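Notes follow the structure.
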C-alpha cells in the first residue's frame, strides 16, 4: 500500500501554535507526508532538509500557473476565480523562461552591493522608532518597531506613499493568512487595483524609486508588461516586510529566552551578522514555501508523489533537521550558512540581502539603545499569527530601558 491509498493527515492549529513540535514529529516520521493544512488545503509536505533542497531544484515540480490550479481545486473547475488576474504573472507563479526573464529585470536592485547604500537611512528610521519606544513602561515591539521599520524602508525603496501602509499591510496579512479563498481574492483585487494605479502614475511621472525604474527598465529591448509590473510589485512589497517583521520579533524572543546568547551578543557585536543567520534558521520567518505541483510522478524521501499533486516545503521544519548540530539549540556563534530561510533554487528570495541588512541594523540598534530588554508577559501567553505561510508572533510586549 502506498501513502496515496491513505487518508491525508489533518493538521490543526497546533501546526501554527506549536510548529516546531509538529514539524519534528512529521520529519522524524517521514520527511515527505500527505497532509491537510489548517484551512483545508491537501498537500504533500516536505519537512526534511535534504528532501527540501531536492524538491526545490527538481524541474518536475512546477510553479507555472500554480495559483490558478489552486483556485480550481478550491472552487471547482468551472468556477470563476476570485483572485486578481493581474497577480498571475508573479515570480512565484512562473517557471523558466518567463521566470528567468522577469527575475533578470528585477534582481539587480537587490544585490548586497545595491542595498548597502541604504544603511544610513535604515539606521535613521530605526533610531527614530526607538526614540518613541523609550517612553512607555510596556511596549509591543511589533507595532512600535518590527512592523514600521521594514514597511517604511520598502515604501521608500519602491516609491509607495507610507501613508497607505495600513491598507496594504491589511491586504498582505489576508493574502498570507490561512483564510478562505473569498477573503484572499478580495484582498488580492484591492492590492492589484492600488498598485495598478501606482504603476500608471510612475509611468506618467517617474520618480527616483525602484517601481519607477521597473516601469521603464529595458533589457535587450524587453520590458515588463502592466500585469507583470503589478504582480512583481506585490511580491516585492509583501516579501519586503513580512519576512523582516518576523525576523526581528521572533529573533528577539529567541534571545530573551536564551539569556546566555543575549549576553554573548551584547559583549561582542561582531557576532551580529552570524546571529542574524541563526535567528533565520532557529525561528524561520517563512514557514512554508510557495506551492508547486508534480508534472509527473516524483519519488522523494522514499515516497512516490503522483503526477498533478501539490507539494510544499516547510522551511521551518527543514531548518531544525539533524543536518545541523543540536538543531533545537540557539547558538549565535554557530557557523553561518546552509539554512533554508530564504528558500533554495531559482525561487531563492530576491530580498535576502535587504532583510539581512535590516535585521543587523534592527538588533544592533535595539541592543545599543536598551541595556534592559525583558518580556512583559509570561512566554506561554504569546501566540503566533494564524498563517501557514508565515511564522510570526501576534504580539511581543516588552519592558525596555536603562
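The values are calculated or read from the model by the stated rules, or taken from the named source; none is laboratory data. Because the structure is predicted, anything quoted here is derived from the model rather than measured. With ideal geometry, Cβ positions are generated from the backbone for all residues, glycine too; neighbour counts draw on all protein chains shown.
Of note:
- When residues of segment 14-37 are limited to those that are more than 11 Å from residue 318 (Cβ to Cβ) and within 18 Å of the chain's Cα centre (by Cα), the one surrounded by the fewest Cβ atoms within 10 Å (Cβ to Cβ): 17
- Matching helices (runs of 4 or more DSSP H) fully within segment 88-152 where at least 1 residues are over 18 Å from the mean Cα position of the chain (by Cα) and farther than 30 Å from residue 345 by Cβ: 119-133
- Selection within segment 307-320 - in a loop (DSSP other than H, G, I, E, B) and either touching a strand residue (DSSP E or B) at 6+ places or on another chain (Cβ under 9 Å) or surrounded by fewer than 21 Cβ atoms within 10 Å (Cβ to Cβ) (or both): 307, 308, 309
- Some residue of segment 100-115 being closer than 26 Å to residue 303 by Cβ and surrounded by 14 or more Cβ atoms within 10 Å (Cβ to Cβ): no
- If you filter segment 387-402 down to residues that are part of a strand (DSSP E or B) and buried (at least 18 other Cβ atoms within 10 Å of the Cβ), you find that the one that is farthest from the chain's Cα centre (by Cα) is 400.
For (1) free of Cβ contacts under 8 Å to residues at least 40 places away in the same chain; (2) surrounded by fewer than 24 Cβ atoms within 10 Å (Cβ to Cβ); (3) out of contact with any strand residue (DSSP E or B) (no Cβ under 9 Å at 6 or more places or on another chain), each residue gets a yes or a no:
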| position | (1), (2), (3) |
| --- | --- |
| 237 | no, no, yes |
| 250 | no, yes, no |
| 271 | no, yes, yes |
| 301 | no, yes, no |
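- Top-ranked residue of segment 358-386 - restricted to ones that are in a loop (DSSP other than H, G, I, E, B) and under 14 Å from residue 142 (Cβ atoms), ranked as modelled with the lowest pLDDT: 385
- The condition (being out of contact with any helix residue (DSSP H, G or I) (no Cβ under 7 Å at 6 or more places or on another chain) and either outside any helix (DSSP H, G or I) or farther than 20 Å from residue 286 by Cα (or both)) is satisfied by just one residue among 335, 323: 335.
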